[in-house]
């Protein structure tokens, strides 16, 4: 099982440059820890600093190498020609494979702020993904759908195929991921038992479509302490305050050995990759946790 990182893009800072410094430090730590992939997220119209994916990833890739990288894009909020161009450029900057993570996103204030009707999320998603793949293949593309455009081409096109991982939780969304994606991303909100049920549902959906399963990926919010006691003392107050509305059992905290043991349960379920998001808001604690993921990765490799 691979172990990657999904960097937090929200940073409550007075100086916006400080948030960038934090993301750069965590990227270097993830690189030095030997993590298998690097990703950033997508969110819009935020009340506190959120570093937008295309710009920040372009900078972070200077600290990365030929291991896979990519970003999440909430497809219904993007014009497909603009997004195809952004990914084409990012894929040219990247030294290795580029992965497009994508999802509908919640029908929240982002849609209102971006002037998109949330009722059109599924149709805009599918139309955008179809256009992206055709544009990346070098085709001239027109559309009379939700986002009309005509005779579009992009350059540069990606030097190698862009893999598409689709985040999905609801049964219909998982079926969409099985039908359209090269991989599927499970929600970080699921406790262990629910994560097992979800990966089985994805495999069943692929089988029903006559398609082999793609990459199976799950995100986990994690804090790796120096040992179990330190991790508990540091992270337990954060969880007790109702961390992100997550249910009990949806996060992982402990020393490297405990974290590796808990993450190994996802390998046993058949997940191909765990993407770690730092649980701690404190910058120093998050950086230390990222560095310790190198040891977690070693322990996971030893347990195979």
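The figures follow:
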{"quantity": "Near pairs, Cβ below 8 angstrom, 6+ apart or cross-chain, from the stretch 69-97 (at positive phi and in contact (Cβ under 8 Å) with a residue 12 or more places away in the chain) to any residue that is buried (at least 22 other Cβ atoms within 10 Å of the Cβ) and part of a loop (DSSP other than H, G, I, E, B)", "calculated": "none"}
{"quantity": "Single residue of the stretch 246-261 satisfying the filter (on the phi < 0 side of the Ramachandran plot and in a loop (DSSP other than H, G, I, E, B)) that is modelled with the lowest pLDDT", "calculated": "248"}
{"quantity": "Looking only at the stretch 262-304, and only at residues there that are under 24 Å from residue 13 (Cβ atoms) and in a loop (DSSP other than H, G, I, E, B), the one that is nearest to the chain's Cα centre (by Cα)", "calculated": "279"}
{"quantity": "The stretch 245-259 - residue that is in contact with a helix residue (DSSP H, G or I) (Cβ under 9 Å, 6 or more places away or on another chain) and farther than 13 Å from residue 227 by Cβ and, of those, surrounded by the most Cβ atoms within 10 Å (Cβ to Cβ)", "calculated": "252"}
{"quantity": "Near pairs, Cβ below 8 angstrom, 6+ apart or cross-chain, from the stretch 12-28 (free of Cβ contacts under 8 Å to residues at least 40 places away in the same chain) to any residue that is surrounded by fewer than 16 Cβ atoms within 10 Å (Cβ to Cβ) and outside any helix (DSSP H, G or I)", "calculated": "19/13"}
{"quantity": "Residue 97, sole failed condition from (1) surrounded by fewer than 22 Cβ atoms within 10 Å (Cβ to Cβ); (2) farther than 24 Å from residue 155 by Cβ; (3) under 18 Å from the mean Cα position of the chain (by Cα)", "calculated": "(2)"}
{"quantity": "Checking residue 207 against (1) surrounded by fewer than 16 Cβ atoms within 10 Å (Cβ to Cβ); (2) in contact (Cβ under 8 Å) with a residue 24 or more places away in the chain; (3) over 24 Å from residue 245 (Cα atoms), the condition it does not meet", "calculated": "(2)"}
{"quantity": "Residues satisfying the stated conditions in the stretch 178-200, i.e. in a loop (DSSP other than H, G, I, E, B) and surrounded by 20 or more Cβ atoms within 10 Å (Cβ to Cβ)", "calculated": "181, 188, 190"}
{"quantity": "Any chance residue 290 is over 26 Å from residue 203 (Cα atoms), buried (at least 17 other Cβ atoms within 10 Å of the Cβ) and without any contact (Cβ under 8 Å) to a residue 60 or more places away in the chain", "calculated": "no"}
{"quantity": "Yes/no for residue 126 being outside any loop (DSSP other than H, G, I, E, B) and under 19 Å from residue 185 (Cβ atoms)", "calculated": "yes"}
{"quantity": "Number of positions in the stretch 149-170 that are surrounded by 11 or more Cβ atoms within 10 Å (Cβ to Cβ) and not in a loop (DSSP other than H, G, I, E, B)", "calculated": "7"}
{"quantity": "Residues of the stretch 101-123 satisfying the condition of being touching a helix residue (DSSP H, G or I) at 6+ places or on another chain (Cβ under 8 Å), assigned to a loop (DSSP other than H, G, I, E, B), surrounded by fewer than 15 Cβ atoms within 10 Å (Cβ to Cβ) and modelled with pLDDT of 95 or more", "calculated": "117"}
{"quantity": "Residue match in the stretch 222-242 (condition: in a loop (DSSP other than H, G, I, E, B), touching a residue at least 24 places away in the same chain (Cβ under 8 Å) and within 21 Å of the chain's Cα centre (by Cα))", "calculated": "no"}
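The values are calculated or read from the model by the stated rules, or taken from the named source; none is laboratory data. Bear in mind the structure is a predicted one, so any value in this text is a computation, not a measurement. Cβ atoms come from the backbone with ideal geometry, glycine included; neighbour counts cover every protein chain shown.
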